[in-house]
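Student: To start, I am sharing the structure in question, which I have written as C-alpha coordinates.
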Amino acid sequence: MPLTKSVDVPPAVRDAIARLQMEYVHAIDALELERWPQLFTEKCLYQIIPRADHEQGRLIGIWFCDNRGMLEDRVSSMREVNVFEPHVYRHVIGPTEILGQKDGAWSAQTSYIVVRTMLEGEMTLFSAGRYVDEIVIEGGAARFSKRVVVPDSWRFDTLVVIPI
Amino acid sequence: MPLTKSVDVPPAVRDAIARLQMEYVHAIDALELERWPQLFTEKCLYQIIPRADHEQGRLIGIWFCDNRGMLEDRVSSMREVNVFEPHVYRHVIGPTEILGQKDGAWSAQTSYIVVRTMLEGEMTLFSAGRYVDEIVIEGGAARFSKRVVVPDSWRFDTLVVIPI
Amino acid sequence: MPLTKSVDVPPAVRDAIARLQMEYVHAIDALELERWPQLFTEKCLYQIIPRADHEQGRLIGIWFCDNRGMLEDRVSSMREVNVFEPHVYRHVIGPTEILGQKDGAWSAQTSYIVVRTMLEGEMTLFSAGRYVDEIVIEGGAARFSKRVVVPDSWRFDTLVVIPI
(Lines give C-alpha, C1' and ligand atoms only; values in the text may rest on other atoms or scores of the structure.)
Protein backbone atom coordinates (compact mmCIF):
# COMPACT_ATOMS: atom_id res chain seq x y z
CA MET A 1 0.00 0.00 0.00
CA PRO A 2 1.61 3.23 -1.12
CA LEU A 3 1.83 6.19 1.21
CA THR A 4 -0.51 9.03 0.45
CA LYS A 5 1.13 11.22 -2.11
CA SER A 6 2.05 14.63 -0.84
CA VAL A 7 -0.25 17.07 -2.57
CA ASP A 8 1.17 20.28 -3.98
CA VAL A 9 -0.88 23.06 -2.40
CA PRO A 10 -0.13 26.77 -2.88
CA PRO A 11 0.80 28.32 0.49
CA ALA A 12 -2.02 30.88 0.20
CA VAL A 13 -4.55 28.07 -0.22
CA ARG A 14 -3.08 26.16 2.70
CA ASP A 15 -3.29 29.29 4.88
CA ALA A 16 -6.88 30.03 3.82
CA ILE A 17 -7.95 26.46 4.61
CA ALA A 18 -6.22 26.55 8.01
CA ARG A 19 -7.99 29.81 8.76
CA LEU A 20 -11.36 28.39 7.75
CA GLN A 21 -10.91 25.39 10.04
CA MET A 22 -10.04 27.71 12.91
CA GLU A 23 -12.89 30.14 12.29
CA TYR A 24 -15.35 27.29 12.17
CA VAL A 25 -14.52 25.96 15.62
CA HIS A 26 -14.10 29.39 17.17
CA ALA A 27 -17.49 30.57 15.87
CA ILE A 28 -19.25 27.52 17.32
CA ASP A 29 -17.34 27.43 20.60
CA ALA A 30 -17.98 31.15 21.18
CA LEU A 31 -21.67 30.52 20.38
CA GLU A 32 -21.38 33.10 17.61
CA LEU A 33 -23.55 30.79 15.57
CA GLU A 34 -24.56 33.45 13.04
CA ARG A 35 -20.99 33.29 11.72
CA TRP A 36 -21.29 29.56 11.08
CA PRO A 37 -23.40 29.58 7.85
CA GLN A 38 -21.13 32.25 6.40
CA LEU A 39 -18.31 29.75 6.31
CA PHE A 40 -20.20 27.76 3.66
CA THR A 41 -20.89 28.48 0.01
CA GLU A 42 -24.48 29.36 -0.96
CA LYS A 43 -25.07 25.91 -2.38
CA CYS A 44 -23.43 23.53 0.05
CA LEU A 45 -23.76 20.33 1.99
CA TYR A 46 -23.52 19.93 5.74
CA GLN A 47 -24.12 16.53 7.25
CA ILE A 48 -23.36 14.59 10.40
CA ILE A 49 -22.94 10.92 9.53
CA PRO A 50 -21.63 8.45 12.13
CA ARG A 51 -18.48 6.62 11.08
CA ALA A 52 -20.05 3.16 10.67
CA ASP A 53 -22.69 4.59 8.34
CA HIS A 54 -20.16 6.67 6.44
CA GLU A 55 -17.91 3.66 5.87
CA GLN A 56 -20.86 1.61 4.62
CA GLY A 57 -21.92 4.38 2.29
CA ARG A 58 -25.17 5.00 4.18
CA LEU A 59 -25.10 8.72 3.75
CA ILE A 60 -28.11 9.50 5.91
CA GLY A 61 -27.16 11.08 9.17
CA ILE A 62 -28.33 13.16 12.06
CA TRP A 63 -28.22 16.53 10.33
CA PHE A 64 -28.73 17.32 6.67
CA CYS A 65 -28.55 20.78 5.12
CA ASP A 66 -27.91 21.35 1.43
CA ASN A 67 -27.78 25.12 1.20
CA ARG A 68 -26.74 28.06 3.30
CA GLY A 69 -30.35 29.08 3.94
CA MET A 70 -30.99 25.81 5.75
CA LEU A 71 -27.96 26.45 7.94
CA GLU A 72 -29.30 29.92 8.73
CA ASP A 73 -32.72 28.45 9.58
CA ARG A 74 -31.07 26.06 11.99
CA VAL A 75 -29.37 28.92 13.75
CA SER A 76 -32.58 30.95 13.87
CA SER A 77 -34.51 28.10 15.50
CA MET A 78 -31.77 27.65 18.06
CA ARG A 79 -31.94 31.34 18.86
CA GLU A 80 -35.73 31.63 18.91
CA VAL A 81 -36.95 28.45 20.47
CA ASN A 82 -34.07 28.07 22.81
CA VAL A 83 -35.52 25.06 24.56
CA PHE A 84 -32.28 23.26 25.06
CA GLU A 85 -30.36 23.22 28.29
CA PRO A 86 -27.60 25.78 27.85
CA HIS A 87 -24.26 24.29 27.00
CA VAL A 88 -21.12 25.13 25.08
CA TYR A 89 -18.62 23.16 23.09
CA ARG A 90 -14.86 23.26 22.98
CA HIS A 91 -13.28 21.83 19.86
CA VAL A 92 -9.66 20.93 19.60
CA ILE A 93 -8.67 20.10 16.05
CA GLY A 94 -5.56 18.48 14.67
CA PRO A 95 -3.71 19.48 11.50
CA THR A 96 -5.67 19.42 8.23
CA GLU A 97 -4.65 16.90 5.61
CA ILE A 98 -5.28 18.25 2.12
CA LEU A 99 -5.89 15.27 -0.13
CA GLY A 100 -6.24 16.78 -3.58
CA GLN A 101 -8.16 19.10 -5.84
CA LYS A 102 -11.05 18.25 -8.16
CA ASP A 103 -13.43 20.49 -10.10
CA GLY A 104 -12.12 23.56 -8.31
CA ALA A 105 -12.61 22.15 -4.79
CA TRP A 106 -9.97 20.95 -2.37
CA SER A 107 -10.61 17.71 -0.48
CA ALA A 108 -9.41 17.71 3.10
CA GLN A 109 -9.81 15.92 6.39
CA THR A 110 -9.25 17.08 9.94
CA SER A 111 -9.58 15.21 13.24
CA TYR A 112 -11.49 16.76 16.12
CA ILE A 113 -12.40 16.21 19.74
CA VAL A 114 -15.29 18.13 21.30
CA VAL A 115 -15.80 18.65 25.02
CA ARG A 116 -19.27 19.80 26.05
CA THR A 117 -19.78 21.89 29.19
CA MET A 118 -23.23 22.39 30.71
CA LEU A 119 -24.27 25.61 32.42
CA GLU A 120 -23.89 23.78 35.75
CA GLY A 121 -20.25 23.14 34.94
CA GLU A 122 -20.42 19.45 34.04
CA MET A 123 -17.92 18.51 31.33
CA THR A 124 -18.29 15.56 28.96
CA LEU A 125 -16.23 14.16 26.16
CA PHE A 126 -19.01 14.77 23.67
CA SER A 127 -17.69 13.71 20.28
CA ALA A 128 -14.49 12.59 18.59
CA GLY A 129 -14.18 12.14 14.89
CA ARG A 130 -13.20 13.57 11.57
CA TYR A 131 -14.30 16.34 9.26
CA VAL A 132 -14.40 15.32 5.61
CA ASP A 133 -14.48 18.50 3.57
CA GLU A 134 -14.64 20.00 0.13
CA ILE A 135 -13.41 23.54 0.18
CA VAL A 136 -13.43 26.26 -2.46
CA ILE A 137 -11.51 29.50 -2.54
CA GLU A 138 -13.71 32.52 -3.24
CA GLY A 139 -12.11 35.96 -3.38
CA GLY A 140 -9.11 34.82 -1.38
CA ALA A 141 -11.17 33.23 1.40
CA ALA A 142 -11.89 29.53 1.85
CA ARG A 143 -15.48 28.28 2.19
CA PHE A 144 -16.93 24.83 2.68
CA SER A 145 -18.86 23.58 -0.33
CA LYS A 146 -19.24 20.36 1.65
CA ARG A 147 -18.56 19.43 5.24
CA VAL A 148 -19.39 15.96 6.46
CA VAL A 149 -18.89 15.49 10.18
CA VAL A 150 -18.03 11.85 10.84
CA PRO A 151 -18.19 11.08 14.58
CA ASP A 152 -16.47 7.83 15.56
CA SER A 153 -19.43 7.02 17.77
CA TRP A 154 -23.03 6.74 16.58
CA ARG A 155 -24.36 7.42 20.05
CA PHE A 156 -25.24 10.80 21.44
CA ASP A 157 -26.78 10.88 24.90
CA THR A 158 -28.87 13.88 23.87
CA LEU A 159 -29.99 15.66 20.76
CA VAL A 160 -27.21 17.38 18.86
CA VAL A 161 -28.51 20.92 19.13
CA ILE A 162 -25.41 22.92 18.28
CA PRO A 163 -23.60 21.95 15.08
CA ILE A 164 -20.43 19.93 15.62
CA MET B 1 -22.36 39.86 10.86
CA PRO B 2 -19.09 40.18 8.99
CA LEU B 3 -16.51 37.49 9.16
CA THR B 4 -13.49 38.25 11.27
CA LYS B 5 -11.06 40.14 9.13
CA SER B 6 -7.89 38.27 8.36
CA VAL B 7 -5.13 40.07 10.21
CA ASP B 8 -1.87 40.72 8.44
CA VAL B 9 0.80 39.20 10.66
CA PRO B 10 4.49 39.03 9.71
CA PRO B 11 5.56 35.38 9.39
CA ALA B 12 8.30 35.85 12.01
CA VAL B 13 5.71 37.11 14.51
CA ARG B 14 3.37 34.24 13.71
CA ASP B 15 6.20 31.75 14.23
CA ALA B 16 7.29 33.35 17.51
CA ILE B 17 3.73 33.26 18.84
CA ALA B 18 3.26 29.63 17.81
CA ARG B 19 6.52 28.78 19.56
CA LEU B 20 5.44 30.60 22.72
CA GLN B 21 2.15 28.68 22.81
CA MET B 22 4.03 25.42 22.45
CA GLU B 23 6.71 26.23 25.03
CA TYR B 24 4.04 27.20 27.54
CA VAL B 25 2.24 23.87 27.43
CA HIS B 26 5.41 21.81 27.19
CA ALA B 27 6.95 23.56 30.23
CA ILE B 28 3.85 22.89 32.34
CA ASP B 29 3.24 19.36 31.11
CA ALA B 30 6.88 18.41 31.71
CA LEU B 31 6.59 19.96 35.21
CA GLU B 32 9.48 22.25 34.30
CA LEU B 33 7.57 24.96 36.11
CA GLU B 34 10.58 27.25 36.52
CA ARG B 35 10.38 27.88 32.76
CA TRP B 36 6.79 29.06 33.06
CA PRO B 37 7.34 32.59 34.50
CA GLN B 38 10.03 33.21 31.90
CA LEU B 39 7.38 33.12 29.20
CA PHE B 40 5.85 36.32 30.62
CA THR B 41 7.08 39.89 30.57
CA GLU B 42 8.30 41.38 33.86
CA LYS B 43 5.07 43.34 34.29
CA CYS B 44 2.32 41.00 33.23
CA LEU B 45 -1.08 39.60 34.04
CA TYR B 46 -1.96 35.96 34.55
CA GLN B 47 -5.48 35.06 35.53
CA ILE B 48 -7.84 32.13 35.48
CA ILE B 49 -11.40 33.38 35.03
CA PRO B 50 -14.26 30.94 34.34
CA ARG B 51 -16.11 31.61 31.12
CA ALA B 52 -19.39 32.77 32.70
CA ASP B 53 -17.53 35.36 34.78
CA HIS B 54 -15.38 36.43 31.84
CA GLU B 55 -18.42 36.97 29.64
CA GLN B 56 -20.14 39.01 32.37
CA GLY B 57 -17.03 41.13 32.84
CA ARG B 58 -16.46 39.80 36.38
CA LEU B 59 -12.71 39.72 36.09
CA ILE B 60 -12.05 38.06 39.42
CA GLY B 61 -10.94 34.51 39.08
CA ILE B 62 -9.17 31.62 40.70
CA TRP B 63 -5.64 32.85 40.14
CA PHE B 64 -4.36 36.38 39.90
CA CYS B 65 -0.73 37.38 39.32
CA ASP B 66 0.25 40.78 37.97
CA ASN B 67 4.01 40.48 37.67
CA ARG B 68 6.59 37.84 36.94
CA GLY B 69 7.75 37.75 40.57
CA MET B 70 4.30 36.54 41.65
CA LEU B 71 4.49 33.77 39.09
CA GLU B 72 7.90 32.79 40.44
CA ASP B 73 6.54 32.81 44.00
CA ARG B 74 3.76 30.48 42.93
CA VAL B 75 6.28 28.06 41.52
CA SER B 76 8.46 28.27 44.64
CA SER B 77 5.55 27.44 46.93
CA MET B 78 4.61 24.50 44.76
CA ARG B 79 8.18 23.24 44.96
CA GLU B 80 8.67 23.89 48.68
CA VAL B 81 5.38 23.04 50.28
CA ASN B 82 4.53 20.25 47.94
CA VAL B 83 1.43 19.23 49.81
CA PHE B 84 -0.60 18.38 46.78
CA GLU B 85 -1.15 14.89 45.51
CA PRO B 86 1.29 14.46 42.64
CA HIS B 87 -0.27 14.84 39.24
CA VAL B 88 0.63 16.00 35.76
CA TYR B 89 -1.23 17.75 32.99
CA ARG B 90 -1.32 17.13 29.29
CA HIS B 91 -2.47 20.06 27.17
CA VAL B 92 -3.53 19.76 23.61
CA ILE B 93 -3.98 23.13 21.97
CA GLY B 94 -5.59 24.11 18.71
CA PRO B 95 -4.31 26.71 16.26
CA THR B 96 -3.84 30.25 17.54
CA GLU B 97 -6.09 32.97 16.12
CA ILE B 98 -4.27 36.29 16.01
CA LEU B 99 -6.91 38.99 16.27
CA GLY B 100 -4.95 42.22 15.91
CA GLN B 101 -2.25 44.46 17.27
CA LYS B 102 -2.63 47.37 19.69
CA ASP B 103 -0.02 49.39 21.57
CA GLY B 104 2.71 47.00 20.54
CA ALA B 105 0.91 43.87 21.74
CA TRP B 106 -0.75 41.17 19.65
CA SER B 107 -4.15 39.88 20.76
CA ALA B 108 -4.67 36.19 20.27
CA GLN B 109 -6.83 33.30 21.36
CA THR B 110 -6.18 29.58 21.47
CA SER B 111 -8.42 26.69 22.49
CA TYR B 112 -7.11 24.04 24.88
CA ILE B 113 -8.07 20.77 26.49
CA VAL B 114 -6.18 19.54 29.55
CA VAL B 115 -6.11 15.95 30.76
CA ARG B 116 -4.88 15.44 34.32
CA THR B 117 -3.19 12.21 35.36
CA MET B 118 -2.67 11.30 39.01
CA LEU B 119 0.37 9.40 40.26
CA GLU B 120 -1.87 6.34 40.60
CA GLY B 121 -2.63 6.54 36.90
CA GLU B 122 -6.16 7.92 37.01
CA MET B 123 -6.90 10.22 34.06
CA THR B 124 -9.50 12.99 34.08
CA LEU B 125 -10.67 15.51 31.57
CA PHE B 126 -9.59 18.39 33.78
CA SER B 127 -10.30 21.56 31.85
CA ALA B 128 -11.38 22.77 28.43
CA GLY B 129 -11.40 26.38 27.43
CA ARG B 130 -9.62 29.21 25.78
CA TYR B 131 -6.51 31.29 26.30
CA VAL B 132 -7.06 35.01 25.74
CA ASP B 133 -3.64 36.57 25.30
CA GLU B 134 -1.72 39.74 24.74
CA ILE B 135 1.70 38.98 23.42
CA VAL B 136 4.74 41.18 22.84
CA ILE B 137 7.83 40.45 20.83
CA GLU B 138 11.05 41.16 22.74
CA GLY B 139 14.37 40.53 21.02
CA GLY B 140 12.80 38.18 18.51
CA ALA B 141 11.00 36.07 21.13
CA ALA B 142 7.33 36.27 22.06
CA ARG B 143 6.28 36.77 25.68
CA PHE B 144 2.88 37.05 27.33
CA SER B 145 2.14 40.49 28.68
CA LYS B 146 -1.28 39.07 29.54
CA ARG B 147 -2.69 35.58 29.60
CA VAL B 148 -6.23 35.03 30.77
CA VAL B 149 -7.20 31.38 31.01
CA VAL B 150 -10.94 31.07 30.42
CA PRO B 151 -12.15 27.56 31.34
CA ASP B 152 -15.59 26.72 29.95
CA SER B 153 -16.51 25.23 33.32
CA TRP B 154 -16.41 27.09 36.62
CA ARG B 155 -16.10 23.87 38.58
CA PHE B 156 -12.85 22.24 39.58
CA ASP B 157 -13.13 19.16 41.76
CA THR B 158 -9.90 20.14 43.52
CA LEU B 159 -7.68 23.15 43.95
CA VAL B 160 -5.91 24.25 40.80
CA VAL B 161 -2.36 23.74 42.00
CA ILE B 162 -0.46 23.72 38.74
CA PRO B 163 -1.13 26.63 36.36
CA ILE B 164 -3.38 25.77 33.44
CA MET C 1 17.04 28.02 33.71
CA PRO C 2 17.40 29.20 30.12
CA LEU C 3 14.54 28.92 27.74
CA THR C 4 14.84 26.24 25.14
CA LYS C 5 16.83 27.64 22.28
CA SER C 6 14.90 28.02 19.09
CA VAL C 7 16.30 25.48 16.68
CA ASP C 8 16.98 26.49 13.12
CA VAL C 9 15.05 24.04 10.99
CA PRO C 10 14.77 24.30 7.20
CA PRO C 11 11.12 24.88 6.22
CA ALA C 12 11.10 21.77 4.03
CA VAL C 13 12.20 19.65 7.00
CA ARG C 14 9.59 21.25 9.25
CA ASP C 15 6.89 20.54 6.66
CA ALA C 16 8.01 16.94 6.17
CA ILE C 17 7.97 16.33 9.92
CA ALA C 18 4.52 17.90 10.30
CA ARG C 19 3.27 15.70 7.49
CA LEU C 20 4.74 12.57 9.10
CA GLN C 21 3.03 13.35 12.40
CA MET C 22 -0.27 13.80 10.60
CA GLU C 23 0.04 10.68 8.45
CA TYR C 24 0.85 8.62 11.52
CA VAL C 25 -2.33 9.51 13.38
CA HIS C 26 -4.54 9.42 10.30
CA ALA C 27 -3.27 5.94 9.32
CA ILE C 28 -4.00 4.56 12.78
CA ASP C 29 -7.32 6.34 13.26
CA ALA C 30 -8.55 5.21 9.84
CA LEU C 31 -7.43 1.65 10.76
CA GLU C 32 -5.23 1.68 7.68
CA LEU C 33 -2.66 -0.09 9.81
CA GLU C 34 -0.63 -1.36 6.86
CA ARG C 35 0.49 2.22 6.30
CA TRP C 36 1.83 2.47 9.84
CA PRO C 37 5.12 0.49 9.45
CA GLN C 38 5.91 2.43 6.28
CA LEU C 39 6.30 5.57 8.35
CA PHE C 40 9.39 4.05 10.01
CA THR C 41 12.88 3.39 8.69
CA GLU C 42 13.84 -0.24 8.08
CA LYS C 43 15.92 -0.32 11.26
CA CYS C 44 13.91 1.55 13.84
CA LEU C 45 12.63 1.57 17.37
CA TYR C 46 9.01 1.74 18.45
CA GLN C 47 8.22 1.56 22.13
CA ILE C 48 5.44 2.46 24.53
CA ILE C 49 6.97 3.40 27.90
CA PRO C 50 4.81 4.93 30.63
CA ARG C 51 6.00 8.34 31.81
CA ALA C 52 7.13 7.26 35.29
CA ASP C 53 9.32 4.55 33.78
CA HIS C 54 10.62 6.83 31.07
CA GLU C 55 11.62 9.47 33.61
CA GLN C 56 13.41 6.87 35.74
CA GLY C 57 15.23 5.54 32.71
CA ARG C 58 13.46 2.17 32.89
CA LEU C 59 13.18 1.76 29.16
CA ILE C 60 11.08 -1.39 29.21
CA GLY C 61 7.54 -0.79 28.18
CA ILE C 62 4.39 -2.31 26.87
CA TRP C 63 5.44 -2.60 23.26
CA PHE C 64 8.91 -3.07 21.82
CA CYS C 65 9.76 -3.33 18.13
CA ASP C 66 13.23 -2.66 16.77
CA ASN C 67 12.74 -3.03 13.04
CA ARG C 68 10.05 -2.44 10.48
CA GLY C 69 9.46 -6.18 10.05
CA MET C 70 8.33 -6.43 13.67
CA LEU C 71 5.89 -3.61 13.09
CA GLU C 72 4.54 -5.43 10.04
CA ASP C 73 4.20 -8.64 12.06
CA ARG C 74 2.19 -6.76 14.66
CA VAL C 75 -0.18 -5.53 12.00
CA SER C 76 -0.50 -9.00 10.45
CA SER C 77 -1.43 -10.58 13.79
CA MET C 78 -4.02 -7.90 14.39
CA ARG C 79 -5.51 -8.57 10.97
CA GLU C 80 -5.36 -12.39 11.16
CA VAL C 81 -6.21 -13.22 14.72
CA ASN C 82 -8.63 -10.39 15.21
CA VAL C 83 -9.69 -11.49 18.66
CA PHE C 84 -10.03 -8.05 20.10
CA GLU C 85 -13.30 -6.25 20.52
CA PRO C 86 -13.50 -3.85 17.58
CA HIS C 87 -12.59 -0.31 18.43
CA VAL C 88 -11.06 2.74 16.85
CA TYR C 89 -8.87 5.56 18.06
CA ARG C 90 -9.01 9.27 17.48
CA HIS C 91 -5.79 11.14 18.07
CA VAL C 92 -5.58 14.85 18.43
CA ILE C 93 -2.00 16.07 18.43
CA GLY C 94 -0.52 19.42 19.35
CA PRO C 95 2.28 21.22 17.54
CA THR C 96 5.61 19.41 17.19
CA GLU C 97 8.60 20.85 19.02
CA ILE C 98 11.80 20.17 17.09
CA LEU C 99 14.60 20.04 19.65
CA GLY C 100 17.72 19.61 17.54
CA GLN C 101 19.60 17.47 15.08
CA LYS C 102 22.21 14.81 15.82
CA ASP C 103 23.84 12.22 13.55
CA GLY C 104 21.42 13.03 10.76
CA ALA C 105 18.28 12.62 12.87
CA TRP C 106 15.96 15.30 14.19
CA SER C 107 14.77 15.06 17.78
CA ALA C 108 11.18 16.12 18.33
CA GLN C 109 8.32 15.84 20.77
CA THR C 110 4.59 16.12 20.26
CA SER C 111 1.72 15.92 22.76
CA TYR C 112 -1.26 13.73 22.05
CA ILE C 113 -4.65 12.77 23.40
CA VAL C 114 -6.38 9.60 22.19
CA VAL C 115 -10.09 8.89 22.48
CA ARG C 116 -11.11 5.28 21.98
CA THR C 117 -14.54 4.37 20.63
CA MET C 118 -15.93 0.84 20.87
CA LEU C 119 -18.16 -0.67 18.20
CA GLU C 120 -21.09 -0.18 20.58
CA GLY C 121 -20.39 3.52 20.58
CA GLU C 122 -18.82 3.90 24.03
CA MET C 123 -16.12 6.59 24.08
CA THR C 124 -13.23 6.71 26.55
CA LEU C 125 -10.34 9.03 27.11
CA PHE C 126 -7.84 6.28 26.39
CA SER C 127 -4.40 7.86 26.61
CA ALA C 128 -2.72 11.23 26.96
CA GLY C 129 0.98 11.73 26.64
CA ARG C 130 3.89 12.62 24.48
CA TYR C 131 5.70 11.23 21.47
CA VAL C 132 9.48 11.40 21.77
CA ASP C 133 10.88 10.97 18.29
CA GLU C 134 13.97 10.73 16.18
CA ILE C 135 13.18 11.47 12.59
CA VAL C 136 15.25 11.17 9.44
CA ILE C 137 14.60 12.62 6.03
CA GLU C 138 14.85 10.09 3.22
CA GLY C 139 14.27 11.22 -0.35
CA GLY C 140 12.32 14.27 0.78
CA ALA C 141 10.02 12.35 3.13
CA ALA C 142 10.32 12.11 6.90
CA ARG C 143 10.43 8.72 8.63
CA PHE C 144 10.70 7.72 12.27
CA SER C 145 14.00 6.08 13.14
CA LYS C 146 12.70 6.07 16.70
CA ARG C 147 9.30 6.75 18.22
CA VAL C 148 8.83 6.34 21.95
CA VAL C 149 5.23 6.77 23.06
CA VAL C 150 5.23 8.10 26.62
CA PRO C 151 1.71 7.91 28.11
CA ASP C 152 1.27 10.01 31.24
CA SER C 153 -0.59 7.12 32.85
CA TRP C 154 0.84 3.63 33.32
CA ARG C 155 -2.61 2.12 33.51
CA PHE C 156 -4.56 0.73 30.59
CA ASP C 157 -7.87 -0.90 31.38
CA THR C 158 -7.30 -3.36 28.54
CA LEU C 159 -4.53 -4.60 26.34
CA VAL C 160 -3.14 -2.02 23.96
CA VAL C 161 -4.00 -3.79 20.72
CA ILE C 162 -3.71 -0.97 18.22
CA PRO C 163 -0.50 1.08 18.31
CA ILE C 164 -0.84 4.45 19.98
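The values are calculated or read from the model by the stated rules, or taken from the named source; none is laboratory data. Here the structure is a predicted model, which means the values were calculated and not measured. Ideal geometry is used to build each Cβ from the backbone, glycine not excepted, and the neighbour counts take in all protein chains shown. The protein model used for the area step is the full one, side chains on, heavy atoms only, and it has no ligands, DNA or RNA in it. Shrake-Rupley method; radii C 1.70, N 1.55, O 1.52, S 1.80 Å.
Student: Hey, what angle do you get for helix A:11-29 against the long axis of chain A, alpha-carbon based, 0 to 90 degrees rounded to 10?
Tutor: Tilt of helix A:11-29: around 10 degrees.
Student: For the range B:52-63, take each phi angle, set θ = phi - 60°, evaluate the Karplus expression 6.51 cos²θ - 1.76 cosθ + 1.60, and give the result in whole Hz per residue in order, putting x for glycine and proline.
Tutor: 4, 5, 4, 5, 8, x, 8, 8, 9, x, 7, 10
Student: Run the numbers on the range C:114-139: which residues show a drop of 30 Å² or more in accessible area, chain on its own versus all protein chains together, using a 1.4 Å probe over heavy atoms?
Tutor: Listed by number, the residues meeting the 30 Å² cut-off are C:Val115, C:Thr117, C:Glu120, C:Gly121, C:Met123, C:Leu125, C:Ala128.
Student: Counting pairs of Cα atoms in the range B:79-118, how many percent are more than 15 Å apart?
Tutor: So the portion of pairs separated by more than 15 Å is 62 percent.
Student: Could you please state, rounded to a whole Å, how far the C-alpha centre of the range C:59-94 is from the C-alpha centre of the range A:116-164?
Tutor: About 29 Å separates the Cα centre of the range C:59-94 from the one of the range A:116-164.
Student: Hey, another quick one. Between B:Gly69, B:Gly140, B:Gly100, where does the largest GNM mean-square fluctuation fall for chain B, given springs only between Cα atoms within less than 10 Å?
Tutor: B:Gly140
Student: Calculate the dipole size of the range C:46-164 relative to its Cα centre from +1 charges on Lys and Arg beta carbons and -1 charges on Asp and Glu beta carbons; express the result in debye to the nearest 20.
Tutor: Once rounded to the nearest 20, the dipole reads 160 debye.
Student: Next question. Can you tell me the orientation of helix B:68-81 relative to chain B, as the angle in degrees between its alpha-carbon axis and the longest Cα principal axis, to the nearest 10?
Tutor: With both axes taken from Cα atoms, the answer is about 20 degrees.
Student: If contacts are Cα pairs under 8 angstrom and at least 6 residues apart, what is the relative contact order of chain B in percent?
Tutor: The value is 25 percent.
Student: Find the sum over both chains of the accessible area lost when B and C are paired, probe 1.4 Å, and report it in Å² to the nearest 100.
Tutor: About 2300 Å² of accessible surface is lost on pairing.
Student: Turning to a different aspect of this structure: Please report the base-10 log of the normalised intensity I(q)/I(0) for the range C:1-132, using a Debye sum with one equal scatterer per alpha carbon and no solvent, at each q in 0.19, 0.21 (1/Å).
Tutor: Rounded to two decimals, the profile gives -1.41, -1.63.
Student: Distance in nm between label sites at B:Asp15 and C:Val75, each 7 Å beyond Cα in the beta-carbon direction?
Tutor: If labels sit at B:Asp15 and C:Val75, their model points lie 3.4 nm apart.
Student: Please give the per residue accessible area of the range B:96-164, computed with a probe of 1.4 Å over protein heavy atoms only, in Å².
Tutor: In whole numbers, the range B:96-164 has 37 Å² accessible per residue.
Student: Non-local amide H neighbours of C:Leu99 (under 5 Å, H modeled in plane, Pro and chain starts lacking H): which ones?
Tutor: C:Ser107, C:Ala108, C:Gln109
Student: Okay, moving on. Each residue of the range A:100-110 in order: what ³J(HN,Hα) in whole Hz does its phi give by Karplus 6.51 cos²θ - 1.76 cosθ + 1.60, θ = phi - 60°, with x for Gly and Pro?
Tutor: Along the range A:100-110, the couplings run x, 10, 8, 6, x, 10, 8, 8, 8, 9, 9 Hz.
Student: Which entries in A:Lys102/C:Lys146; A:Lys43/A:Lys102; C:Lys43/C:Lys102 show an alpha-carbon gap greater than 25 Å?
Tutor: Beyond 25 Å: A:Lys102/C:Lys146.
Student: Which three extents, in angstrom, do the Cα atoms of the range C:63-140 have along their principal axes, listed largest first?
Tutor: 45, 29, 23
Student: Let me ask something else. With a 10 Å cut-off between alpha carbons and a GNM built on chain C, which of C:Arg143, C:Arg130, C:Arg19 moves the most?
Tutor: Top of the fluctuation ranking is C:Arg19.
Student: So what is the calculated 222 nm ellipticity per residue for chain A, using -39500 (n - 2.57) for each DSSP H run with n of 4 or more, over all residues, to the nearest 500 deg cm²/dmol?
Tutor: The per-residue figure over chain A is -7500 deg cm²/dmol.
Student: Around A:Trp63, which amide H atoms from residues at least 5 apart in sequence, or from another chain, sit under 5 Å from its own amide H, with H modelled in the peptide plane?
Tutor: So A:Trp63 has HN proximity to A:Ile48.
Student: Suppose we look only past 38 Å in the calculated P(r) of the protein assembly as shown. What percent of the Cα-Cα pairs does that tail hold?
Tutor: Of the Cα pairs, 23 percent sit more than 38 Å apart.
Student: Residue by residue through the range A:140-156, which ³J(HN,Hα) values in whole Hz follow from phi under the Karplus form 6.51 cos²θ - 1.76 cosθ + 1.60 (θ = phi - 60°), with glycine and proline marked x?
Tutor: x, 10, 8, 9, 6, 8, 7, 10, 10, 8, 10, x, 5, 9, 9, 9, 10
Student: So for the pair C:Leu31, C:Leu119, with labels modelled 7 Å out along Cα→Cβ, what separation do we get in nm?
Tutor: 0.9
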